[in-house]
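The values are calculated or read from the model by the stated rules, or taken from the named source; none is laboratory data. This is a predicted model, so every value here is computed, not measured. Positions of Cβ are generated from backbone atoms using ideal geometry, with glycine treated the same way; all protein chains shown enter the neighbour counts. Areas reflect the complete protein model, heavy atoms only, side chains present, ligands, DNA and RNA absent. Shrake-Rupley method; radii C 1.70, N 1.55, O 1.52, S 1.80 Å.
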Amino acid sequence: MNKTKIFIALICSIFSFSFAQKEYTKQKITDDIEITKLTEHSYIHTSHAEMPSWGRVASNGLIFINDGEAILFDSPINDSLTKILVRWITDSLKGKIVGFVPNHWHNDCMGGLSYLQSIGIDSYAYNLTIEIAKEKKLPVPAHGFSDSLILNLGDKIILCKYYGAAHSLDNIVVWIPSEKILFAGCMVKELASNGLGNTVDGDVSEWPKTINKILSDYPDAEIIIPGHGKAAGTDLLKHTLKLLEKDTNR
(Lines give C-alpha, C1' and ligand atoms only; values in the text may rest on other atoms or scores of the structure.)
Protein backbone atom coordinates (compact mmCIF):
# COMPACT_ATOMS: atom_id res chain seq x y z
CA MET A 1 0.00 0.00 0.00
CA ASN A 2 1.49 3.38 -0.98
CA LYS A 3 1.57 6.48 1.24
CA THR A 4 -1.52 8.03 -0.39
CA LYS A 5 -3.62 4.93 0.28
CA ILE A 6 -2.34 4.73 3.85
CA PHE A 7 -3.27 8.39 4.42
CA ILE A 8 -6.80 7.89 3.00
CA ALA A 9 -7.33 4.80 5.13
CA LEU A 10 -6.19 6.69 8.23
CA ILE A 11 -8.55 9.60 7.54
CA CYS A 12 -11.48 7.20 7.06
CA SER A 13 -10.76 5.41 10.32
CA ILE A 14 -10.51 8.73 12.21
CA PHE A 15 -13.85 9.86 10.73
CA SER A 16 -15.58 6.63 11.76
CA PHE A 17 -14.18 6.87 15.28
CA SER A 18 -15.18 10.52 15.59
CA PHE A 19 -18.73 9.78 14.50
CA ALA A 20 -19.07 6.93 16.96
CA GLN A 21 -17.98 9.27 19.73
CA LYS A 22 -20.09 12.24 18.62
CA GLU A 23 -22.19 13.80 21.35
CA TYR A 24 -25.49 15.48 20.56
CA THR A 25 -27.39 18.11 22.52
CA LYS A 26 -29.48 16.45 25.24
CA GLN A 27 -32.31 17.89 27.27
CA LYS A 28 -33.84 16.30 30.36
CA ILE A 29 -37.62 16.71 30.38
CA THR A 30 -38.34 14.68 33.52
CA ASP A 31 -36.46 12.00 35.45
CA ASP A 32 -37.96 9.52 32.99
CA ILE A 33 -37.72 11.31 29.64
CA GLU A 34 -34.85 12.98 27.80
CA ILE A 35 -34.57 14.43 24.32
CA THR A 36 -31.52 14.27 22.04
CA LYS A 37 -31.43 16.72 19.14
CA LEU A 38 -29.93 15.17 16.00
CA THR A 39 -30.72 17.71 13.29
CA GLU A 40 -32.92 20.75 12.82
CA HIS A 41 -35.86 18.43 12.13
CA SER A 42 -35.16 15.28 14.14
CA TYR A 43 -34.95 14.29 17.79
CA ILE A 44 -34.54 11.04 19.70
CA HIS A 45 -36.92 10.68 22.63
CA THR A 46 -35.64 8.33 25.33
CA SER A 47 -37.95 7.16 28.09
CA HIS A 48 -36.98 5.19 31.19
CA ALA A 49 -39.35 2.66 32.74
CA GLU A 50 -39.38 -0.57 34.72
CA MET A 51 -39.77 -3.65 32.51
CA PRO A 52 -40.44 -7.13 33.91
CA SER A 53 -37.28 -9.31 33.97
CA TRP A 54 -35.12 -6.44 32.69
CA GLY A 55 -35.34 -3.77 35.40
CA ARG A 56 -35.22 -0.08 34.52
CA VAL A 57 -34.78 0.20 30.76
CA ALA A 58 -34.20 3.22 28.50
CA SER A 59 -36.06 2.98 25.18
CA ASN A 60 -35.62 5.19 22.12
CA GLY A 61 -38.09 6.66 19.68
CA LEU A 62 -37.89 9.35 17.01
CA ILE A 63 -39.58 12.70 16.50
CA PHE A 64 -39.50 14.24 13.03
CA ILE A 65 -40.83 17.77 12.61
CA ASN A 66 -41.20 20.04 9.60
CA ASP A 67 -43.24 23.19 8.98
CA GLY A 68 -44.96 22.96 12.35
CA GLU A 69 -46.09 19.35 11.96
CA ALA A 70 -44.54 16.27 13.57
CA ILE A 71 -44.66 12.50 13.24
CA LEU A 72 -43.82 10.32 16.21
CA PHE A 73 -42.05 7.00 15.70
CA ASP A 74 -42.50 4.74 18.74
CA SER A 75 -44.01 5.98 21.96
CA PRO A 76 -42.86 5.66 25.55
CA ILE A 77 -43.92 2.48 27.34
CA ASN A 78 -47.18 3.85 28.78
CA ASP A 79 -49.82 6.53 28.38
CA SER A 80 -48.60 8.77 31.20
CA LEU A 81 -45.09 9.12 29.79
CA THR A 82 -46.50 9.54 26.29
CA LYS A 83 -48.69 12.39 27.51
CA ILE A 84 -45.62 14.19 28.88
CA LEU A 85 -43.77 13.70 25.58
CA VAL A 86 -46.71 14.98 23.53
CA ARG A 87 -46.95 18.07 25.73
CA TRP A 88 -43.23 18.76 25.22
CA ILE A 89 -43.52 18.42 21.43
CA THR A 90 -46.50 20.79 21.43
CA ASP A 91 -45.06 23.38 23.82
CA SER A 92 -41.32 23.30 23.08
CA LEU A 93 -41.18 22.36 19.40
CA LYS A 94 -44.47 24.11 18.58
CA GLY A 95 -45.37 21.04 16.58
CA LYS A 96 -48.75 19.48 15.89
CA ILE A 97 -48.43 15.69 15.89
CA VAL A 98 -50.12 14.44 12.72
CA GLY A 99 -49.09 10.80 12.77
CA PHE A 100 -47.67 7.90 14.77
CA VAL A 101 -45.83 4.79 13.56
CA PRO A 102 -44.65 1.97 15.87
CA ASN A 103 -41.61 -0.13 14.98
CA HIS A 104 -43.32 -3.31 16.21
CA TRP A 105 -45.97 -4.45 18.67
CA HIS A 106 -44.03 -4.42 21.97
CA ASN A 107 -45.06 -1.88 24.61
CA ASP A 108 -41.74 0.00 24.37
CA CYS A 109 -42.88 0.90 20.85
CA MET A 110 -46.64 1.41 21.11
CA GLY A 111 -47.42 1.43 24.84
CA GLY A 112 -48.77 4.98 24.48
CA LEU A 113 -51.01 4.30 21.48
CA SER A 114 -54.20 4.41 23.54
CA TYR A 115 -53.45 7.98 24.66
CA LEU A 116 -52.43 9.07 21.16
CA GLN A 117 -55.70 7.75 19.77
CA SER A 118 -57.66 9.50 22.53
CA ILE A 119 -56.37 12.89 21.34
CA GLY A 120 -57.06 12.16 17.68
CA ILE A 121 -53.59 11.32 16.36
CA ASP A 122 -53.68 9.05 13.31
CA SER A 123 -51.60 5.85 13.45
CA TYR A 124 -49.98 3.61 10.85
CA ALA A 125 -48.37 0.19 11.21
CA TYR A 126 -47.20 -2.86 9.29
CA ASN A 127 -50.11 -5.25 8.75
CA LEU A 128 -48.58 -7.98 10.92
CA THR A 129 -48.26 -5.48 13.79
CA ILE A 130 -51.99 -4.83 13.51
CA GLU A 131 -52.76 -8.56 13.44
CA ILE A 132 -50.66 -9.22 16.55
CA ALA A 133 -52.19 -6.23 18.36
CA LYS A 134 -55.69 -7.59 17.69
CA GLU A 135 -54.68 -11.10 18.78
CA LYS A 136 -53.20 -9.80 22.04
CA LYS A 137 -56.08 -7.39 22.63
CA LEU A 138 -53.84 -4.33 22.51
CA PRO A 139 -54.76 -0.91 21.10
CA VAL A 140 -54.79 -1.29 17.31
CA PRO A 141 -53.18 1.19 14.87
CA ALA A 142 -55.73 2.66 12.45
CA HIS A 143 -54.01 2.11 9.09
CA GLY A 144 -51.94 -0.80 7.84
CA PHE A 145 -49.44 -1.35 5.04
CA SER A 146 -48.20 -4.58 3.47
CA ASP A 147 -44.63 -3.78 2.42
CA SER A 148 -43.79 -0.10 2.65
CA LEU A 149 -45.39 3.23 3.39
CA ILE A 150 -44.35 6.70 2.23
CA LEU A 151 -45.32 9.61 4.45
CA ASN A 152 -44.97 13.25 3.45
CA LEU A 153 -44.27 15.93 6.02
CA GLY A 154 -44.19 19.24 4.17
CA ASP A 155 -41.42 18.89 1.61
CA LYS A 156 -39.83 15.94 3.43
CA ILE A 157 -40.34 12.26 2.60
CA ILE A 158 -40.34 9.41 5.13
CA LEU A 159 -40.15 5.74 4.15
CA CYS A 160 -41.43 3.03 6.49
CA LYS A 161 -40.49 -0.44 5.26
CA TYR A 162 -40.62 -4.07 6.32
CA TYR A 163 -37.52 -6.17 5.56
CA GLY A 164 -38.19 -9.35 7.49
CA ALA A 165 -38.24 -10.89 10.94
CA ALA A 166 -35.53 -10.03 13.46
CA HIS A 167 -36.05 -8.92 17.08
CA SER A 168 -39.76 -9.43 16.39
CA LEU A 169 -41.61 -10.91 13.44
CA ASP A 170 -43.13 -7.55 12.51
CA ASN A 171 -40.31 -5.03 13.03
CA ILE A 172 -39.86 -2.31 10.41
CA VAL A 173 -37.35 0.47 9.75
CA VAL A 174 -37.93 4.17 9.09
CA TRP A 175 -35.70 6.00 6.60
CA ILE A 176 -35.59 9.80 6.31
CA PRO A 177 -33.43 10.56 3.27
CA SER A 178 -33.16 14.32 3.85
CA GLU A 179 -31.50 13.67 7.23
CA LYS A 180 -29.84 10.34 6.29
CA ILE A 181 -31.39 8.94 9.47
CA LEU A 182 -32.44 5.32 9.83
CA PHE A 183 -34.61 4.46 12.82
CA ALA A 184 -34.07 0.70 13.08
CA GLY A 185 -35.43 0.06 16.55
CA CYS A 186 -34.75 -3.09 18.56
CA MET A 187 -33.50 -5.17 15.63
CA VAL A 188 -30.25 -3.18 15.87
CA LYS A 189 -28.06 -3.33 18.97
CA GLU A 190 -25.96 -0.45 20.25
CA LEU A 191 -22.16 -0.74 20.05
CA ALA A 192 -21.91 -1.28 23.81
CA SER A 193 -24.26 -4.27 23.69
CA ASN A 194 -22.83 -7.73 24.30
CA GLY A 195 -25.98 -9.68 23.50
CA LEU A 196 -29.20 -9.75 21.51
CA GLY A 197 -31.51 -8.99 24.42
CA ASN A 198 -35.08 -10.27 24.22
CA THR A 199 -35.46 -12.79 21.38
CA VAL A 200 -38.64 -14.56 22.57
CA ASP A 201 -40.87 -12.94 19.93
CA GLY A 202 -38.31 -12.85 17.12
CA ASP A 203 -36.57 -15.12 14.65
CA VAL A 204 -32.81 -15.40 15.16
CA SER A 205 -32.34 -17.44 11.98
CA GLU A 206 -33.94 -14.73 9.81
CA TRP A 207 -32.41 -11.81 11.70
CA PRO A 208 -29.04 -11.75 9.82
CA LYS A 209 -30.82 -11.83 6.45
CA THR A 210 -32.95 -8.87 7.47
CA ILE A 211 -29.94 -6.86 8.67
CA ASN A 212 -27.99 -7.59 5.48
CA LYS A 213 -30.88 -6.34 3.33
CA ILE A 214 -30.98 -3.12 5.34
CA LEU A 215 -27.21 -2.70 5.17
CA SER A 216 -27.40 -3.10 1.39
CA ASP A 217 -30.23 -0.57 0.96
CA TYR A 218 -28.89 2.17 3.27
CA PRO A 219 -25.10 2.25 2.93
CA ASP A 220 -25.15 6.05 3.18
CA ALA A 221 -27.08 6.20 6.46
CA GLU A 222 -25.24 8.61 8.73
CA ILE A 223 -27.29 8.18 11.90
CA ILE A 224 -28.78 4.81 12.86
CA ILE A 225 -30.99 4.74 15.94
CA PRO A 226 -31.33 1.51 17.92
CA GLY A 227 -34.30 0.72 20.14
CA HIS A 228 -32.06 1.00 23.20
CA GLY A 229 -28.74 2.78 23.66
CA LYS A 230 -26.68 5.25 21.65
CA ALA A 231 -27.12 6.06 17.98
CA ALA A 232 -24.14 5.64 15.63
CA GLY A 233 -23.45 4.90 11.96
CA THR A 234 -23.61 1.70 9.91
CA ASP A 235 -21.26 0.12 12.48
CA LEU A 236 -24.43 -0.65 14.43
CA LEU A 237 -25.64 -2.97 11.68
CA LYS A 238 -22.26 -4.69 11.44
CA HIS A 239 -22.05 -5.01 15.23
CA THR A 240 -25.49 -6.62 15.30
CA LEU A 241 -24.39 -9.13 12.65
CA LYS A 242 -21.38 -10.04 14.82
CA LEU A 243 -23.63 -10.60 17.83
CA LEU A 244 -25.88 -12.83 15.72
CA GLU A 245 -22.91 -14.83 14.48
CA LYS A 246 -21.68 -15.24 18.05
CA ASP A 247 -25.14 -16.41 19.15
CA THR A 248 -25.34 -18.93 16.29
CA ASN A 249 -21.92 -20.40 17.11
CA ARG A 250 -22.74 -21.09 20.77
Exercise for the section: Report the residue, chosen from Pro139, Pro208, Pro76, that carries the largest GNM mean-square fluctuation when the chain is represented by alpha-carbon nodes joined by springs under 10 Å. Expected result: Pro139
Exercise for the section: For the stretch 84-89, just list the computed ³J(HN,Hα) in residue order, Karplus coefficients 6.51, -1.76 and 1.60, θ = phi - 60°, integers in Hz, with x standing in for Gly and Pro. Expected result: 5, 5, 4, 4, 5, 4
Practice task
Restricting to the chain, compute how many DSSP beta bridges are antiparallel as a %, nearest 5.
Solution key: 75
Practice task
Based on a Kirkwood Rh over C-alpha pairs, give the Stokes-Einstein translational diffusion coefficient of the chain at 25 °C and viscosity 0.890 mPa s in µm²/s.
Solution key: 133
Exercise for the section: Find, among the GluC sites (Glu not before Pro) in the stretch 181-224, those assigned to loop by DSSP (not H, G, I, E, B) with at most 14 other beta-carbon atoms within 10 angstrom. Expected result: Glu206
Exercise for the section: Treat every Asp and Glu Cβ in the stretch 56-181 as -1 and every Lys and Arg Cβ as +1, leave all other atoms uncharged, and give the resulting dipole magnitude about the Cα centre to the nearest 20 debye. Expected result: 240
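Using Cα pairs closer than 8 Å and at least 6 residues apart in sequence, work out the relative contact order for the chain, in percent.
13
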Practice task
Would you rank Val200, Val86 by solvent-accessible area, highest first, keeping every protein chain in place and using a 1.4 Å probe?
Solution key: Val200, Val86
Completion exercise
Percent antiparallel among DSSP beta bridges confined to the stretch 104-250, rounded to 5, stands at 65
Problem - Given 15 as the ceiling on other Cβ atoms within 10 Å, longest exposed-site-free region of the chain for chymotrypsin sites (Phe, Trp or Tyr not before Pro) in DSSP loops - result: 55-250
Problem - Euclidean distance of C-alpha centroids, the stretch 69-134 and the stretch 197-250, integer Å - result: 24
Practice task
Take the chain, connect every pair of alpha-carbon atoms lying under 10 Å apart with a spring to form a Gaussian network, then pick out the residue of Ser205, Ser216, Ser168 with the largest mean-square fluctuation.
Solution key: Ser216
Completion exercise
Within the set Asp155, Asp79, Asp220, GNM on the chain using Cα springs under 10 Å gives the largest fluctuation to Asp155
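Averaged across orientations, what area in nm² does the convex hull of the alpha carbons in the stretch 30-134 project?
For the stretch 30-134, averaging the hull's shadow over all directions gives 6.7 nm².
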Problem - Links that overshoot a 18 Å alpha carbon limit, given the list Lys83/Lys161; Lys37/Lys83; Lys96/Lys156; Lys26/Lys83; Lys161/Lys230; Lys26/Lys242 - result: Lys83/Lys161; Lys37/Lys83; Lys26/Lys83; Lys161/Lys230; Lys26/Lys242
Exercise for the section: Using label points projected 7 Å from each Cα along Cα→Cβ, tell me how many nm separate Lys213 and Asp91, to one decimal. Expected result: 4.2
Handout entry: Length-normalised contact order of the stretch 94-222 in % [C-alpha pairs under 8 Å, at least 6 apart]
Key = 19
Completion exercise
Going residue by residue through the stretch 42-49, the Karplus relation 6.51 cos²θ - 1.76 cosθ + 1.60 with θ = phi - 60° gives ³J(HN,Hα) values, rounded to whole Hz and with x marking Gly or Pro, of 10, 9, 8, 9, 10, 10, 10, 7
Exercise for the section: State the percentage of accessible surface on the stretch 99-216 attributable to carbon and sulfur atoms; use a 1.4 Å probe and exclude ligands, DNA and RNA. Expected result: 49
Fill in the blank from the handout: With a ≥ b ≥ c from the Cα gyration tensor eigenvalues, square-rooted, and the rule rounded for a/c under 1.5, otherwise prolate when a/b > b/c and oblate otherwise, the stretch 132-250 is oblate
Exercise for the section: Determine the gain in length on full extension of the stretch Asn127-Asp31; use 0.36 nm per residue of separation and subtract their C-alpha separation, reporting nm with one decimal. Expected result: 31.1 nm
Fill in the blank from the handout: Env charge @ Ser47, Cβ radius under 9 Å, K,R +1 / D,E -1, value -3
Completion exercise
One would report the antiparallel percent of DSSP beta bridges in the stretch 48-182, rounded to the nearest 5, as 70
Handout entry: Per-residue [θ]222 nm for the chain (sum of -39500 (n - 2.57) over DSSP H runs n ≥ 4, rounded to 500)
Key = -9000 deg cm²/dmol
